[in-house]
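K.L.:
Supplied in structure tokens, the structure appears directly below.
Any read-out appearing in this document is the output of simple, stated calculations on the displayed coordinates, not a laboratory observation. Fair warning: this is a prediction, and the values are worked out from it, not measured in the lab. Every residue, glycine as well, gets a Cβ built from its backbone with ideal geometry; the counts of neighbours run over all protein chains shown.
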Amino acid sequence: MNKKYLLVLIVGAVVVILLVVSFVLKGGKVGGGYDTIFPMPSSVSNFTKGTDGSQVNFQTSLNLKQTEEFYRTELTKMGLTERTINTSVTEDTFSMVFDGHESGKAVVVQGVNIQGKTNVNIRLEAI
């Protein structure tokens, strides 16, 4: 094998590895992950993100209670504090607000049951 060709292959492999490591360190997930600042459950479909990244919308197969608990746990792990006075949970919806995001804005998480799936909207909001 030509040494020049081998060198090109090695450099290409190193570049790919560095890109993957950089993506993971910035919070991305390899293998079907989503480019977002918010934690994501393992079951996600119909993901959309606002142009500035401060809002996402998606569906998950987790039920409402599972989704609510997922975000309560994950956002607390990130050092955020639930503003419980704003928490609202009904049979078909939930809404939670978390303070402490580095942007100075609150993280708002809302979910609604739509035909057996939970539609989730997460956003940064000055409230």
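K.L.:
Considering each residue of segment 54-107, count those that are under 25 Å from residue 33 (Cα atoms) and assigned to a strand (DSSP E or B), and give that number.
P.N.:
Number satisfying all stated conditions: 13.
K.L.:
Please name all residue pairs, on different chains or six or more residues apart, with Cβ atoms under 6 Å, provided the first residue is in segment 81-101 and is free of Cβ contacts under 8 Å to residues at least 24 places away in the same chain and on the phi < 0 side of the Ramachandran plot and the second residue is surrounded by 14 or more Cβ atoms within 10 Å (Cβ to Cβ) and of a type in the set (S, T, N, Q).
P.N.:
Sorted first by the residue in segment 81-101, then by its partner, the pairs are 88/95; 95/110.
K.L.:
Scan 100, 111, 116 and give me the residue that is among the small types (Gly, Ala, Ser), within 21 Å of residue 43 (Cα to Cα) and surrounded by 11 or more Cβ atoms within 10 Å (Cβ to Cβ).
P.N.:
Sole residue among the options that is among the small types (Gly, Ala, Ser), within 21 Å of residue 43 (Cα to Cα) and surrounded by 11 or more Cβ atoms within 10 Å (Cβ to Cβ): 111.
Yes/no per residue for (1) surrounded by 14 or more Cβ atoms within 10 Å (Cβ to Cβ); (2) among the acidic types (Asp, Glu):
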residue: 45; (1), (2): no, no
residue: 58; (1), (2): yes, no
residue: 64; (1), (2): yes, no
residue: 77; (1), (2): no, no
residue: 84; (1), (2): no, no
residue: 91; (1), (2): no, yes
residue: 94; (1), (2): yes, no
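K.L.:
Can you name every residue in segment 108-127 that is part of a loop (DSSP other than H, G, I, E, B) and among the β-branched types (Val, Ile, Thr)?
P.N.:
If the condition is that a residue be part of a loop (DSSP other than H, G, I, E, B) and among the β-branched types (Val, Ile, Thr), then 127 is the only one that fits.
K.L.:
If you don't mind, another one. Taking the condition of being of a type outside the set (Ser, Thr, Tyr) and out of contact with any strand residue (DSSP E or B) (no Cβ under 7 Å at 6 or more places or on another chain), how many residues in segment 79-127 meet it?
P.N.:
The total comes to 11.
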